[in-house]
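K.L.:
My questions will all concern the structure given below.
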Amino acid sequence: MLSMGEVSFIILAGGASTRMGRNKADLFLHGQTFLEILKDKAMKLGFGEIIISGYHGFDCKVNPVFDEFAGMGPLSGIHACLKASAREHAMIVSVDTPLIHPELLRQLLVSYSSAGSPITILSHAGIWEPLMGIYSCDLWREIEELLLRNRNCLKHFLKDKGCNTWEAREHLDSLWNINTPQDYQYVKGG
């Protein structure tokens, strides 16, 4: 069984945030930005390193890793961060999920450790969450081959590669992707 210390924690924070209209990483909730909330969770859980993908906001104590293939979506961010990781495995979480319950992250690691697959992603009610999963870091080479051929669909990569899914049954309210101003107002209680 892998320990958290053997795993990098990657926060995907490089998206355009077009539906929100401003950088989601810099939105505040309970006195912290979404990015700070996720970094704190990763530190408390004991992850071996924290990598921030593509962050272009105003406050980051960690140097971000930028895409080598700009404009190619989340698969490009995953590629750059897996390549930059000093660990063999990486948990990937999107910055718009700051509510994620730590127990879900622990259980995802347990599932990955026992699956024997290079990818384990979280699912709920049969819905895949490819931006919430654990990936073997050596996959960056395969992803790079796809990106060089202008193939950047993460779901196609997962289907072609084959991946394990771990079905979350608890703390489902913590899986919410906060993508719009309405979502943000709701979680703030307004």
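Values in this text are rule-based calculations from the coordinates and carry no lab data. All values derive from a computational prediction rather than experimental measurement. Quick reminder, even Gly has a Cβ in these numbers, built from the backbone with ideal geometry, and neighbours come from all protein chains shown.
K.L.:
Sort 72, 1, 43, 132 so that the residue with the fewest other Cβ atoms within 10 Å of its own Cβ comes first and the one with the most comes last.
P.N.:
If I rank by nearby Cβ atoms, fewest first, I get 1, 43, 72, 132.
K.L.:
List the lysines whose Cα lies under 28 Å from the Cα of residue 39, skipping any in the same chain that are fewer than 8 positions away.
P.N.:
Counting by Cα, and skipping residues close in sequence, residue 39 has these lysines nearby: 24, 61, 83, 155, 188.
K.L.:
Right, next: In nm, what is the difference between 0.36 nm times the number of residues separating residue 22 and residue 50 and their Cα-Cα distance?
P.N.:
So the chain would gain 7.7 nm between residue 22 and residue 50.
K.L.:
Something else about it: Would you please give the residues with an amide H less than 5 Å from that of residue 89, counting only those at least 5 places away or on a separate chain, with H modeled from the backbone geometry?
P.N.:
Those qualifying (amide H under 5 Å, at least 5 residues apart or on another chain) are 8, 137.
K.L.:
Run the numbers on segment 111-175 and let me know its relative contact order in percent, using alpha-carbon pairs under 8 Å that are six or more apart.
P.N.:
44
K.L.:
May I ask for the percentage of alpha-carbon pairs in the chain that lie more than 29 Å from each other?
P.N.:
15
K.L.:
Now, a different point. Can you give me the three principal axis dimensions of segment 15-80 from its C-alpha atoms, in Å, biggest first?
P.N.:
Principal-axis extents of segment 15-80 (Cα, largest first): 32, 30, 16 Å.
K.L.:
Apply the Karplus curve 6.51 cos²θ - 1.76 cosθ + 1.60, θ = phi - 60°, to the phi angles in segment 2-9 and return the couplings in whole Hz, x for Gly and Pro.
P.N.:
5, 9, 4, x, 8, 10, 7, 10
K.L.:
How much length would be gained if the chain were fully extended between residue 30 and residue 106, taking 0.36 nm per residue of separation minus their Cα-Cα distance, in nm to one decimal?
P.N.:
Roughly 25.0 nm would be gained on extension.
K.L.:
Mind checking the full-extension length gain between residue 142 and residue 125? Use 0.36 nm per residue of separation minus the Cα-Cα distance, one decimal, nm.
P.N.:
Extra length from residue 142 to residue 125 when fully extended: 3.2 nm.
K.L.:
Where in the chain lies the longest segment free of trypsin sites (Lys or Arg not before Pro) that are both loop residues by DSSP (not H, G, I, E, B) and have at most 10 other Cβ atoms within 10 Å?
P.N.:
That gives 62-148 as the longest site-free run.
K.L.:
With contacts defined as alpha carbon pairs under 8 Å and 6 or more residues apart, what's the relative contact order of segment 4-188 in percent?
P.N.:
Over segment 4-188, the number comes to 25 percent.
K.L.:
Give me 163, 153, 81 sorted ascending by neighbouring Cβ count inside 10 Å, so fewest comes first.
P.N.:
153, 163, 81
K.L.:
Further question on the same structure: Run lengths n ≥ 4 of DSSP H only: what is the helix-derived mean residue ellipticity at 222 nm for the chain, with -39500 (n - 2.57) per run over all residues, to the nearest 500?
P.N.:
Helix-only estimate at 222 nm: -9500 deg cm²/dmol.
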